[in-house]
Each structure stands twice: as structure tokens, then as C-alpha cells.
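Engineer: I'd like to ask some things about the structure below.
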Ligand SMILES: [Ca+2]
């Protein structure tokens, strides 16, 4: 229990709709009471069922859930522990997320005190030729798009005062499993003259400042990658080039610590 908190259990006859099974090509989901706050003690499960052979994409329009006490858990399939994908919390809208099959489930759980606005999202069925919306990270601008189908390209830029880390242009391609996917993750916009940061979530991308261009001289950047308690983190390098003997990337938290 948090210091300074106290409990009040009351029954006021307030009824809210909470969870359910959703079918159809697209729609939206709101947490109960949105945007005036979800109830304490909530345990709502939504199961989205698309057509056989489709995938489901979630696009968050608004997200505010009491950080580290209330959670929106995503399940890649029916809401069984084996399908658990990630747990979302906090006050920043997550990037779009896509299921691997035609079922995607969400569960909102809240503790006994303190609420927040809650969340609102759109869901959409994706067929094998659609990559779906790649998302617009904070401080980024997305140009192009339309259907987000195989062969389509989108271009990112950043608002003034921010610079882009990652690939500015993404192309919707077909992968080895014959599924439409973006060739690179959406880039990030970082404030000029800063580098590093904290990365959360089930997966993500870290690039050196200015990547795929060269990083600057005198750089000193620290990234912290955070996963769920008990999980381990794999770091997979897709590209690596630093000035040999003079510039280093140090990875801590591994056993033993590693320097490249
Ligand atoms: Ca709470």
C-alpha cells in the first residue's frame, strides 16, 4: 500500500460497461468512464476477433493509466498467460501494435486507489497486403501513407528543435512469411543536442545519434532499457560501426559486462 493512501470501498450503484468480444473490420475501444477516469478495482477484458487470416492493429489515440499501479495488458490471441505480450502503463500513448493472428485481447486492471483518464484506441483488421499504420512518435510528422499497402512508402520528419534517429523513409514490404511489414521501425525524434534515454516496452530500437549518418564527436550517451520484472532483455545488433580503439559502446547488466 502506498504511504499516505487510505481505502474507501463504497457502492453507489454506478454501473459501467467493461470489456466484451468485438467483431468487425474496425472499431474503437474506450476504458470505462473515459475520459473522466476508470473505476478502482477494474478488471475488464476485451477480445477482438477478426476474419480468419487477418491480423488486428491497435492505434492508441489517448492513454493515461496510473503508472506502475494500473495496467493495460495485451495478449496476442485469447487472454491466456501463454499469449501475454506486454503490459502498458503511464501517460504516453504507445505506438501502434499488431497481433500475429486474428485475435487480440486487452485487459485493464486497476488497484484500489487513484484513477486517470484511461485510454481510447481504434482497432482495425489488417490483411496480408497491408502493413498498417506505422505510428507517429512524439514530436514527429508523418508524410505519405494512404492505404499503407505493399509498395507504399511513408516519410518522417521532426518538428523544429528535434532531430530524427532512425530511418526517415519506411517501405511496406512482404517478409519471408508472406506478410506485409515495414522494412524498418518508425524513427524517433530527439531534442537537439541530447542523446540517450529510457526505452520501455516489449521491443524497441536504439540508434546512435544521427543514425544512419555518423554520430558526433565527444558523444556521451546512455540508454536504459526496461523490461517487465523477471524478464530478460536480448540486444540484437543489426548494424555496428564505431572508430576502432577510440569510440566504445559499453553494455552493462549483462554477465559479464561487455565492451565493443
Ligand atoms: Ca490506480
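The values are calculated or read from the model by the stated rules, or taken from the named source; none is laboratory data. Small disclaimer: the values here were computed from a predicted structure and weren't measured. Note that we place each Cβ from the backbone using ideal geometry, even for glycine, and neighbour counts take in every protein chain shown.
Engineer: Kindly establish whether residue 39 is out of contact with any strand residue (DSSP E or B) (no Cβ under 7 Å at 6 or more places or on another chain), closer than 19 Å to residue 148 by Cβ and either more than 14 Å from the ligand (Cβ to nearest atom) or touching a residue at least 60 places away in the same chain (Cβ under 8 Å) (or both). If you could, list the steps in order and put the result at the bottom.
Structural biologist: On the way: out of contact with any strand residue (DSSP E or B) (no Cβ under 7 Å at 6 or more places or on another chain): yes; closer than 19 Å to residue 148 by Cβ: no; either more than 14 Å from the ligand (Cβ to nearest atom) or touching a residue at least 60 places away in the same chain (Cβ under 8 Å) (or both): yes.
Against the criterion (out of contact with any strand residue (DSSP E or B) (no Cβ under 7 Å at 6 or more places or on another chain), closer than 19 Å to residue 148 by Cβ and either more than 14 Å from the ligand (Cβ to nearest atom) or touching a residue at least 60 places away in the same chain (Cβ under 8 Å) (or both)), residue 39 does not qualify.
Engineer: Scan segment 42-64 for residues that are in contact with a strand residue (DSSP E or B) (Cβ under 6 Å, 6 or more places away or on another chain) and without any contact (Cβ under 8 Å) to a residue 60 or more places away in the chain and report the count.
Structural biologist: Residues flagged as in contact with a strand residue (DSSP E or B) (Cβ under 6 Å, 6 or more places away or on another chain) and without any contact (Cβ under 8 Å) to a residue 60 or more places away in the chain within segment 42-64 amount to 4.
Engineer: Still on this structure, I have one more. Suppose the filter is closer than 23 Å to residue 188 by Cβ and modelled with pLDDT of 95 or more; does residue 148 pass it?
Structural biologist: Numbers: closer than 23 Å to residue 188 by Cβ: yes; modelled with pLDDT of 95 or more: no.
Taking the combined requirement at face value, the residue does not satisfy it.
Engineer: Looking only at residues in segment 97-116 that are away from the ligand (no atom under 16 Å from the Cβ) and outside any strand (DSSP E or B), which one is surrounded by the most Cβ atoms within 10 Å (Cβ to Cβ)?
Structural biologist: Of everything passing the filter in segment 97-116, 99 is surrounded by the most Cβ atoms within 10 Å (Cβ to Cβ).
Engineer: Sticking with this structure for a sec: Any idea which of (1) more than 14 Å from the ligand (Cβ to nearest atom); (2) under 23 Å from residue 204 (Cβ atoms); (3) at pLDDT below 95 is the one residue 57 doesn't satisfy?
Structural biologist: The single condition residue 57 does not satisfy is (3).
Engineer: Does residue 74 fit the bill of being within 16 Å of the ligand (Cβ to nearest atom), buried (at least 17 other Cβ atoms within 10 Å of the Cβ) and either modelled with pLDDT of 95 or more or outside any helix (DSSP H, G or I) (or both)? Talk me through it step by step, then tell me what you get.
Structural biologist: Working: within 16 Å of the ligand (Cβ to nearest atom): no; buried (at least 17 other Cβ atoms within 10 Å of the Cβ): yes; either modelled with pLDDT of 95 or more or outside any helix (DSSP H, G or I) (or both): yes.
When the stated conditions are applied, residue 74 does not pass them.
Engineer: Residues that are within 17 Å of the chain's Cα centre (by Cα), modelled with pLDDT under 90, in a loop (DSSP other than H, G, I, E, B) and farther than 28 Å from residue 143 by Cα: does segment 207-223 have at least one?
Structural biologist: Checked against the condition, which is being within 17 Å of the chain's Cα centre (by Cα), modelled with pLDDT under 90, in a loop (DSSP other than H, G, I, E, B) and farther than 28 Å from residue 143 by Cα, segment 207-223 yields no hits at all.
Engineer: Determine whether segment 85-96 contains at least one residue that is in contact with a helix residue (DSSP H, G or I) (Cβ under 9 Å, 6 or more places away or on another chain), away from the ligand (no atom under 16 Å from the Cβ) and outside any loop (DSSP other than H, G, I, E, B).
Structural biologist: Keep residues of segment 85-96 that are in contact with a helix residue (DSSP H, G or I) (Cβ under 9 Å, 6 or more places away or on another chain), which gives none.
Checked segment 85-96: no residue is in contact with a helix residue (DSSP H, G or I) (Cβ under 9 Å, 6 or more places away or on another chain), away from the ligand (no atom under 16 Å from the Cβ) and outside any loop (DSSP other than H, G, I, E, B).
Engineer: Could you count how many residues in segment 232-249 are surrounded by 10 or more Cβ atoms within 10 Å (Cβ to Cβ) and modelled with pLDDT under 90?
Structural biologist: 2
Engineer: Regarding residue 142, is this residue in a strand (DSSP E or B) and more than 22 Å from residue 171 (Cα to Cα)? Even if it seems obvious, please write down each step before you answer.
Structural biologist: Values: in a strand (DSSP E or B): yes; more than 22 Å from residue 171 (Cα to Cα): no.
In short, no.
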